[in-house]
Each structure stands twice: as C-alpha cells, then as structure tokens.
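The values are calculated or read from the model by the stated rules, or taken from the named source; none is laboratory data. In this text the structure is predicted, and so the values were computed from the model without any measurement. Cβ placement follows ideal geometry from the backbone for every residue including glycine, while neighbour counts extend to all protein chains displayed. The accessibility values were calculated without ligands, DNA or RNA, using every heavy atom of the protein model including side chains. Shrake-Rupley method; radii C 1.70, N 1.55, O 1.52, S 1.80 Å.
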Amino acid sequence: MSAVANPTQIVKKNYVTAIREALFEEMALNPDMICQGEDIGILGGAFGVTEGLQAEYGASRVIDMPISEACIVGSAVGMALAGKTVMAEMQFIDFISCGFDQIVNMMATYCYRTAGEVNMPVVVRGPAGAYGGGALYHSQMNEAWFCNSPGLKVICPSTPYDAKGLMKAALRDGNPCLFFEIKELYRKREVEELLPEEDYVIQLGKAAVRRSGKDITFVSYGQNVYHCLQAADELAKLGVDAEVIDIRTLVPLDEDTIFTSIAKTSRLIVVNEAPMTCGFAGEIIARVSEKAFEYLDAAPVRITRLDTPVPWVKPLELYVLPSVEKIVAAALKTVKY
Amino acid sequence: MSRASGTASSEKATTSRDVPQLRPRDLLSKDDCLEIFKQVYLARYFDVRLIKEKRRGRLKGTLYSSHNQEAILVGALFGLESNDWISPIHRDMPAFFLKDIKGDWRRPDRFGMSINEVCAQVWGKADSPGRARDNWSHIGSRSKHIIHSTSMLAGTIPVAAGLMYADRLNGGNAVCVTFNGEGSTAQGIFHEAINYAAVHKLSVVTVVENNQWAYGTPMELGCPTSDVADRAKGYGIPGFIADGQDVFDVYDKVMMAVEHARKGNGPSIVECKTFRAYGHGDHDDDRANKYRPQEEIVKGRQRDPIGVCRRTLMALGYLGDDAAELYHAEGKNATEATNEDFPPEVVDFLNEGIEFALQSPLPAAEEAGRWVFKEDN
Ligand SMILES: Cc1ncc(C[n+]2csc(CCOP(=O)(O)OP(=O)(O)O)c2C)c(N)n1
Ligand SMILES: [Mg+2]
C-alpha cells in the first residue's frame, strides 16, 4: 500500500492514482484477489494503473497475460469458480471485443444458468473514451453492448473520488462488473481531489447531482459530465439554470434521482459519447418516457456521437462528438419548447 | 531467460522442408542485391526521419519504430509479384511503400503505396488513402493489394485467408503475406485463421516478427515455445525460421514459403528472429530502457541489418572495400544519424513525400459523417 499513499502529506490525487489505490487496498484486504492483463506486471500497465502492484503482491497474483482478451476474461471466470476475485484489465476498452463471447455468454450468464450456485466476482476494467485523437480503435465507448447483456453491472466514474469508491464497490460486489475508465481524465489536473484516508465505497446504482438547477436537467456520465457542467456555466450567463446529474453506474441505474430532477425542471437532455442508435442515452429517455412522462414539458433530447466510428484527425473527431456548444444550443431550444 | 536474438542459424532454418540446393537468393542479380541494400537504407531512413519529425513536434500519434527490423520488411517483400497481397501492422510502416517498389521508386502504376500517400497518412492529411480517418498503419489499398488492418492484433489473417480463397476461385495465383509480432500469436484468431487456411491450402504466408518483446512483456510470458515456427507442425504446414537481421535469409525463407503456396500447397509460417530496438512505441522509450536489461538491448542491436547486408555484399564482391565508408547510418540510432549518413536518393525520395504531406490539406470536418455506408458515385 505504501507504494501509492503518503499519509504524512495530504495532497490531491488524480483519477489514475485513485484507481491504483483502490487496487492496492483491495489486494491487501483480500488475499484471494488476482489482477491480470496485458503488460500489467513488469510494465505496470500501459497507463500505469497497476504500477508497483506486481512488486508488492508478486507475479502469481499480478499476472502478465499473453495477448488474448478472450483468455484474460475466460480464465478470470475459472478463477472465480475457484473462489477468487479477479480484476481483468483490457489494455484499451476497444479490445474487449476480442473477449466478447467469454464476457456476455460465459461470465454474464453464470449466476443465472446455475440458479445462483456460482457468482462471478470479476471486474473487467480498461481505459475508454474519445477526445484524445485515438482514432477508431483507441477511442471507443462500447458500454451499450454490455448494458444489453443481462448479468453485467456497468460503471463509469467521472471523478477520482468516485473512481476509487466505485472500484472498491465493484471488487466487493460479487457480480461481474464492467468498469469504464476515462483515459482523458487519468492525469487531468483539473479533476484532482482529496481522497479520504479511510476505507470507503460508493454504492453501485446511486447517481450524483453535480450541479443543481431548476430549468433543465442534463443527465450524463464519464467525461461528458464536464461538458454538461461547462454548458451549464454558459447557460447561467444566459439566464438558464441547468441541473447536472452524473449517473456513475448505468446498470443498475438510479432512476429516482433522474425523475426527482425532472419533476423540478420538466426538461431533459441526455449526453453520452457513444453512438446514438441503441445507446444508453436512448435507454434513459425511454425510462423517463414510460415512468415520468407527465413531468416533461418538452421533448427529451439526446446529444451523442453521430452514428459513426471515431475518426482520427481533430476536426473530424470533434465533428462527431458531443460538445459544450452542441449542449448549449440544444438546451436553448429545449427551454423554449 | 534466453532471448538470443539474431542468432538463428540458417541450418535450423526449416522445420518441415529442406533448404534447396540453389537458394532463392542465388538467383538474384548484382543489381537486385544492391537495390535490396538501398531499400534497407530507405526503410531505416524513414524510421530515423519520422522519429526526428516527431521529436520536433511536427507529428502526432504513436510511432512504432521498425528500427533493427528493416531486413524483415525488405526481405519479405522483395521477391513478391506485383499483384501479390500484403498485410502490414503497426511496426511495418515502411512496408506500405516498399511493396513492389523495385526499379523506379516513383513509378505511378506500381502495386504499392506512393511515398506521398504514406506521408499524407502519417501526417493525417486528406491525400492519405483513408483520408486520415484512422491513424498510421491502419490503412491499405484494394487497388494496390494491401489489406487494411485495424488495431486488433492478428485480425487480418482470416481476411487474408478469405481473400486467397476468393482469388483462387477467380482464377488468380496470388499469395498474401501477413505480418504479425510474436506476441500477437497468442490471439485465438491467429490459430483459427491459419487452421482454416491450412484446411483449404490457401496461399497465406504468415511472417512472425519475433522481436522478443510484446510491449512490456517478454516472449516467454506469451509463447510457450522459443520458436513460434513450431506451431506450424500442428497445422501440418511448413514453419520456417529466418535470421531477421539478414535480409537475404529472410528473402530465402519467405520465397520458399511463397513458392510452396504458389504451387498450391497452402500456407506457411515464417518466423524472423530479431530484436525491438526501442520502446514499444515512442511513448515507451524511457520505460523500455528500464524493463529491459541493458545487456539485452546492446546484444539485440549488435547486428544491424544494414551491416549484415553490407558484409554479405562485400563478400560477394558487389561492394568494394571502401563501401564501408560510403554511408554511416549503420549502428546509429535516430539521435546520432543525420541525412549525410544515408544515400542521397533515399533522402530525396522521403523529402518529396514529406513536402507533399505538409502541403496536403486536412480533410473537411463534415467528411466525418460520410462513408458509414457505401456511397454511389
Ligand atoms: C487485440 C489487441 N489486444 C491488445 C492490443 C494492444 N497492443 C498493441 S501492440 C501490442 C504488443 C504486440 O506485440 P507483438 O505482437 O510482439 O508485436 P511488436 O509490437 O513487438 O512488433 C499490444 C498488447 C491490440 N492492439 N490488440
Ligand atoms: Mg514483439
């Protein structure tokens, strides 16, 4: 644990450190926990999330795997069968497609098809998200694939505090969790914050209200939360008071916090950077339409990536992604609806 | 931990076939051999120059250096027919313009990418074949017979196999050479695709660039045997081992695999033993100097493919004794090497490409919405 925490000095921590601390602490608390992935041991991970972990806990618990996402996930299932808790890293979340069958068919269904005999304490985590010029295969947000596969919990933190607390909760949850880390936030100074010295978890399925407002509700997760907050600042200058909700976990979803907000604002914009069709923004709007329709005074709006891959060069990348400008424009239209 | 790089002897060369009396290289003319030498320089210069451009802040994206592995690219491509196919990956950037480059490097009708296209791609400009939608090595060209890769390692081998199946149906006799690192052989699709190719005797030559490391993971944590070529036995296909530092040994082994395929006998694996000179990508250069022992790095870079080639040509009498003094790139890293260390035609060739890339426009932002589906016209 000493490798990451410095108890004598209280300093703000970044997002990547928060996740690393969660892994160090859970490895210390749970001798049955294993971490595995490509280049996570000797190298300490492509993004340094597991830096020092192998030195601390040994190569038999922190495993450098052959380049096979299918095997990284599938063998985690086997370890879970033997009572282990496993953190399985995808070097980029984009590569999770190579392990897809083992996740959605083997791991996700294990509890269901064994009538609860077997549960799967496995967290599949990895760097996700665009805005960094990573192009088609280093930018994806493919969370919807997994939200559409029953048996998986899906988590996407936007702050260091949440990243640590949700990671610990996921590792203790006993169910397979997919943990989408926003790589653009890993070392971003602006989001650093003080983390509690003591052990804490954040309950899965609890949203956070990041800004309260009365005129319109923005619902988002991941780095788009910051776009929403910036848009809210812009809108405040124009006399529009926006509320920003960070759902933090997609499955399970905290509907109550969303409905309570809409009861107040009567207007909804959902922002996510995944493509629009069958994306999670659509799911949120569907639930609001079914269960909170009478609160709405305006048609709800999705601001998402266009239904395209994420192209490489900056002007193209920005063209397809949600932006502060797009949110502000949509909000101004929605409040006049 | 034995990761002897570049020490593969030619005797161990074939696990399934004997070395023929007359080696493919014995049929090369003096001009061919000198052209090969120049191409090794060209591949090296491309790498050195791009590293310098990146350090000057003129390039974005990750640079996966092919330094010390140039003999594999040149040796594997030199003997191919124009209409053969290739499938390069992240460390093979020079392969895009080395394909079918023999003769006049600027020939517009050749079956390889022009240096202009490759540079436009590297610089992310509209004149890149993929209009800068995806980065660096993720390009290709159907008309130039280069398969377009994604990031997903080993992902093009089944594509190559299907392509060769269809080519045969179409009455063709092409061969497809795919490139992969030794680490990528752990992917299921590597086995699935070669298995399929072997069942149908498809003309797929899988070149494995065994540079001993997959990012920060040494070979022995990814591969259970020290020779990747051993996997060939399981499919009943030839598994060749080449000295990846020796362009002529690579040429021999790849040509034997190509001839095997051309006769309708199906796929092979050609493992080329080499060593990754730098970090996995340029972002990893500093760390790679820590996670890899210094002795291993020094040893792995001892046999510069330029020097190995030069010595062969001198022994053949194709280069005079003063050739050693001609150019000085041999053994130099990207910081040490300068333009003066390379043949002027090599420098000029790349200069033209870079000039072209710099003046090529960025694609218009709205293009991002196009070609999700086929467009008629
Ligand atoms: C399916 C998949 N998993 C992980 C990666 C990340 N990745 C890119 S290159 C690489 C190492 C490849 O090693 P090797 O095949 O030996 O090729 P080398 O880089 O050494 O040339 C890894 C893990 C990827 N691109 N695709
Ligand atoms: Mg390698």
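Just order B:231-241, B:29-39 by mean Cβ neighbour count inside 10 Å, highest at the front, would you?
Numbers: B:231-241: 20.5, B:29-39: 17.5.
Most protected by this proxy first, the peptides run B:231-241, B:29-39.
Specify the angular offset, from 0 to 90 degrees and rounded to the nearest 10, of the alpha carbon long axis of helix A:224-237 from the longest principal axis of the alpha carbons in chain A.
With rounding to tens, the tilt is 30 degrees.
State which entries of A:LYS13/A:LYS333; B:LYS60/B:LYS102; A:LYS12/A:LYS314; A:LYS183/B:LYS125; B:LYS30/B:LYS253; A:LYS188/A:LYS333 exceed 28 angstrom in Cα-Cα distance in the structure shown. List each step's numbers first, then the result.
Values: A:LYS13/A:LYS333 38 Å; B:LYS60/B:LYS102 30 Å; A:LYS12/A:LYS314 31 Å; A:LYS183/B:LYS125 26 Å; B:LYS30/B:LYS253 20 Å; A:LYS188/A:LYS333 32 Å.
A:LYS13/A:LYS333; B:LYS60/B:LYS102; A:LYS12/A:LYS314; A:LYS188/A:LYS333, as the Cα separations exceed 28 Å there.
Taking all protein chains together and a probe of 1.4 Å, list A:CYS71, A:CYS147, A:CYS278, B:CYS223 from the most accessible to the least accessible.
Numbers: A:CYS71 65, A:CYS147 35, A:CYS278 120, B:CYS223 10 Å².
Correct descending sequence by accessible area is A:CYS278, A:CYS71, A:CYS147, B:CYS223.
Could you tell me the accessible area of A:TRP145 in Å² (1.4 Å probe, neighbours in place), rounded to the nearest ten?
110
Run the numbers for B:GLU295 and B:TRP371: contour at 0.36 nm per residue of separation, minus the present Cα-Cα distance, in nm.
Details: separation 76, 0.36 × 76 = 27.36 nm, distance 4.99 nm.
22.4 nm is the gain from fully extending B:GLU295 to B:TRP371.
Report ³J(HN,Hα) in whole Hz for each residue of the range A:119-128, in order, from the Karplus equation J = 6.51 cos²θ - 1.76 cosθ + 1.60 where θ = phi - 60°; Gly and Pro get x.
Those phi angles translate into 10, 10, x, 10, 10, 9, 10, x, x, 9 Hz.
Specify the angular offset, from 0 to 90 degrees and rounded to the nearest 10, of the alpha carbon long axis of helix A:15-29 from the longest principal axis of the alpha carbons in chain A.
40
At R0 = 25 Å, how high is the FRET efficiency between A:GLU193 and A:ASP241 if r is their beta carbon distance? Nearest 0.05 is fine.
Working: r = 25 Å, r/R0 = 0.99.
The pair A:GLU193/A:ASP241 has a calculated efficiency of 0.50.
Determine the shielding of peptide B:222-234 by partner chains: average, over its residues, the number of Cβ atoms on other chains within 10 angstrom of each Cβ. Spell out each step's value before the answer.
Working: counts 6, 1, 1, 0, 0, 0, 0, 0, 0, 0, 0, 0, 0.
Other-chain Cβ atoms within 10 Å of each residue's Cβ, averaged: 1.
At a threshold of 8 angstrom on Cα-Cα distance, excluding pairs fewer than six apart, so keeping six or more, what relative contact order does chain A reach in percent? List each step's numbers first, then the result.
On the way: 726 pairs, mean separation 52.0, N = 337.
It rounds to 15 percent for chain A.
Roughly how many nanometres apart are two label points built 7 Å out from the Cα toward the Cβ at A:ILE10 and A:ARG113?
Each label point lies 7 Å from its Cα, and together they span 5.1 nm.
For the range B:199-327, what class follows from the C-alpha gyration tensor (a ≥ b ≥ c being the square roots of its eigenvalues): rounded when a/c is under 1.5, otherwise prolate if a/b is larger than b/c, else oblate? Intermediate results must be reported in sequence, preceding the final value.
Numbers: a/c = 2.77, a/b = 1.14, b/c = 2.44.
Oblate is the answer for the range B:199-327, as a/c is 1.5 or above yet b/c matches or exceeds a/b.
Out of all DSSP beta bridges with both ends in the range A:208-335, state the antiparallel percent to the nearest 5.
On the way: 3 of 16 bridges.
In the range A:208-335, approximately 20 percent of DSSP beta bridges are antiparallel ones.
How large is the helix-only mean residue ellipticity at 222 nm for chain B, computed as the sum of -39500 (n - 2.57) over DSSP H runs with n ≥ 4, divided by its residue count, in deg cm²/dmol to the nearest 500? Can you show the working numbers first?
Numbers: 13 runs with 138 residues, N = 377.
Calculated from helices alone, the mean residue ellipticity at 222 nm is -11000 deg cm²/dmol.
Set the Förster radius R0 to 35 Å, insert the Cβ-Cβ distance between B:THR335 and B:SER143 as r into 1/(1 + (r/R0)^6), and round the FRET efficiency to 0.05.
Details: r = 38 Å, r/R0 = 1.09.
Efficiency, rounded to the nearest 0.05: 0.35.
Sequence neighbours fewer than 8 away in the same chain don't count; with that in mind, list the aspartates and glutamates whose C-alpha is under 19 Å from B:LYS144.
Correct list for B:LYS144: B:GLU81, B:ASP84, B:ASP92, B:ASP100, B:ASP104, B:ASP109, B:GLU117, B:ASP127, B:ASP134, B:ASP167.
Across chain A, where is the longest run that never hits GluC sites (Glu not before Pro) in a DSSP loop with at most 12 other C-beta atoms within 10 Å? Don't skip to the answer; put the middle values down first.
On the way: sites that count: A:GLU117, A:GLU197, A:GLU198.
It runs A:199-337.
Give the long-range amide H neighbours of B:ASP100: residues separated by 5 or more places, or on another chain, with amide H under 5 Å away, using H modelled in the peptide plane at 1.01 Å from N.
none
From the square roots a ≥ b ≥ c of the eigenvalues of the alpha-carbon gyration tensor of the range A:208-335, which class results: rounded (a/c under 1.5), prolate (a/b over b/c), or oblate? The partial results should precede the final answer.
Values: a/c = 1.76, a/b = 1.28, b/c = 1.38.
Because a/c hits 1.5 or more and a/b fails to exceed b/c, the range A:208-335 counts as oblate.
Give me a single rounded figure for A:60-70: the average over its residues of other chain Cβ atoms within 10 Å of their Cβ.
On the way: counts 0, 0, 0, 1, 7, 4, 11, 14, 11, 4, 4.
Other-chain Cβ atoms within 10 Å of each residue's Cβ, averaged: 5.
List the relative contact order of the range A:93-181 as a percent without decimals, with contacts defined as Cα pairs under 8 Å and 6+ residues apart.
Values: 127 pairs, mean separation 34.1, N = 89.
Reported relative contact order: 38 percent.
Counting DSSP beta bridges with both partners in the protein assembly as shown, what percentage is antiparallel, nearest 5?
Details: 10 of 65 bridges.
Of the beta bridges lying entirely in the protein assembly as shown, close to 15 percent run antiparallel.
Evaluate the relative contact order of chain B (contact order divided by residue number), counting alpha-carbon pairs under 8 angstrom at least 6 apart; express in whole percent. Before the final figure, lay out each step's value.
On the way: 691 pairs, mean separation 90.0, N = 377.
Worked out over chain B, it gives 24 percent.
Going by alpha carbons, how many degrees (0 to 90, nearest 10) lie between the helix axis of A:255-265 and the longest principal axis of chain A?
With rounding to tens, the tilt is 20 degrees.
Can you bin chain B into rounded, prolate or oblate? Criterion: square roots of the alpha carbon gyration tensor eigenvalues sorted a ≥ b ≥ c, rounded for a/c under 1.5, prolate for a/b above b/c, oblate for the rest.
rounded
Along each principal axis of its Cα atoms, how long is the range B:272-377 end to end? Whole angstroms, biggest number first, please.
58, 38, 26
Give me the one-decimal nm value for the distance between modelled label points at A:LEU306 and A:ALA28, 7 Å along each residue's Cα-to-Cβ direction.
A separation of 5.0 nm, rounded to one decimal place.
What length, rounded to one decimal in nm, is gained on full extension from A:ALA263 through to A:GLU234, with 0.36 nm per residue of separation minus their alpha-carbon distance?
Working: separation 29, 0.36 × 29 = 10.44 nm, distance 2.32 nm.
Fully extending the segment from A:ALA263 to A:GLU234 adds 8.1 nm.
Using a 1.4 angstrom probe and counting only protein chains, how large is the accessible area of B:TRP213 in Å², to 10?
Rounded to the nearest 10, that gives 10 Å².
Could you state, as a whole-number percent, how many of the C-alpha pairs of the range A:15-191 are farther apart than 26 Å? Before the final figure, lay out the partial values.
Working: 3183 of 15576 pairs.
Of the Cα pairs, 20 percent sit more than 26 Å apart.
Can you give the mean number of other chain Cβ atoms that lie within 10 Å of the Cβ atoms in peptide B:182-194? Let's see the in-between values first.
Working: counts 1, 5, 3, 3, 7, 7, 7, 3, 2, 0, 0, 0, 0.
That average works out to 3.
Once amide H atoms are built 1.01 Å from N in the peptide plane, which residues 5 or more positions from A:ILE63, or in another chain, come under 5 Å H to H?
Hits under the 5 Å cutoff: A:CYS35, A:GLN36, A:GLY37.
Can you list the trypsin sites (Lys or Arg not before Pro) in the range A:240-337 that are in a DSSP coil and have 15 or fewer other beta carbons within 10 angstrom?
Working: sites: A:ARG248, A:LYS264, A:ARG267, A:ARG287, A:LYS291, A:ARG302, A:ARG305, A:LYS326, A:LYS333, A:LYS336; in loops: A:ARG248, A:ARG267, A:LYS336.
Passing sites in the range A:240-337 are A:LYS336.
Counting DSSP beta bridges in chain A, what percent are antiparallel, to the nearest 5?
If I count the DSSP bridges inside chain A, around 15 percent turn out antiparallel.
Check the straight Cα-Cα distances from A:LYS206 and name the lysines below 16 Å, setting aside those fewer than 8 residues away within the same chain.
Answer for A:LYS206, where 16 Å is the Cα cut-off: A:LYS153, A:LYS164, A:LYS168, listed by chain and number.
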